1. Being under 27 Å from Ala21 (Cβ atoms), assigned to a loop (DSSP other than H, G, I, E, B) and out of contact with any helix residue (DSSP H, G or I) (no Cβ under 8 Å at 6 or more places or on another chain) is the filter here, so list the residues in segment 214-232 that pass it.
2. Tell me, which residue of segment 56-90 that is under 12 Å from the mean Cα position of the chain (by Cα) and at pLDDT below 90 is surrounded by the most Cβ atoms within 10 Å (Cβ to Cβ)?
3. With the requirement that a residue be open to solvent by 80 Å² or more (accessible area, probe 1.4 Å) and either modelled with pLDDT of 85 or more or assigned to a loop (DSSP other than H, G, I, E, B) (or both), what does segment 130-147 give you?
Amino acid sequence: MNALAGSRKMTLDLPDDFDGAARDRLAKTLAAAELKCSEPFALIVAVFQVFADELIFATSEGTGRTAATVQGETKTFLDGLIRSVYDEYPRSVRLADLVLRPGLSAQQWSTVTWRNFRGFKSQAYEEIRRTRLWGDLQRCVVSLGEVTDTPGSDSRAEAEGTVQAQSRQATAGDTPRSLLAAYQAACPDVKNAWIYRAAGVHSPDFYRWRNGEVPRGSRLAQRLVKFLKAKQEPAVRFRKPPASK
């Protein structure tokens, strides 16, 4: 593992094979969260989601990772991130103003109220387990084979339960999840990152679409639907993260 430091002395432990593009993406995400003065759990979730996406992609590249390796790297990264935020996050930070109505807003502040690290860490994991990429990470772990303890939770049962819950949501019709399920059945080796790159959409937009938060008639939705219905694997150029500029 190697380290990436944020402006608040936050240290992120990254796998050694994370390339420059992955490190740059994580650094930019951390910097943006710090610049916006995101509240602590929002900062943790934002950075985790980028890490999870990059870890899934790195695993898909045939780096020899096992389920235990992915779990260990995830735990090391999250424990370090959560510890850094707990230790370094300012005790009082002004957040974006809350808009009450046009022309009227109210100040919002994030004030540190936690008393112990164990409670803070537990809440951070609860927030992380609500993310879509946590489910994708569990799918990755299950696909690698034998599962030990999932970081921040307990067992194969939760990992498989997450995957089964996602499968149940793929109902009949052209819903995002059903389209993805049909595509993944036809192209089981294709990763989500390859899909949204090949369709020409950004990662956050892809996950908003998958969650049903994008209108069906939008150009973004049409791009994804067209790509998935074609049931063709993405070209090789879409299997690598875009080079940082």
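The values are calculated or read from the model by the stated rules, or taken from the named source; none is laboratory data. Quantities reported herein were computed from a predicted structural model and do not represent experimental measurements. For neighbour counting, all protein chains shown are included, and Cβ atoms are generated from backbone atoms with ideal geometry for every residue, glycine included. These accessible areas exclude ligands, DNA and RNA; they are computed on the full protein's heavy atoms, side chains included. Shrake-Rupley method; radii C 1.70, N 1.55, O 1.52, S 1.80 Å.
1. Passing the criteria: only Gln232.
2. Phe57
3. Arg130, Glu146
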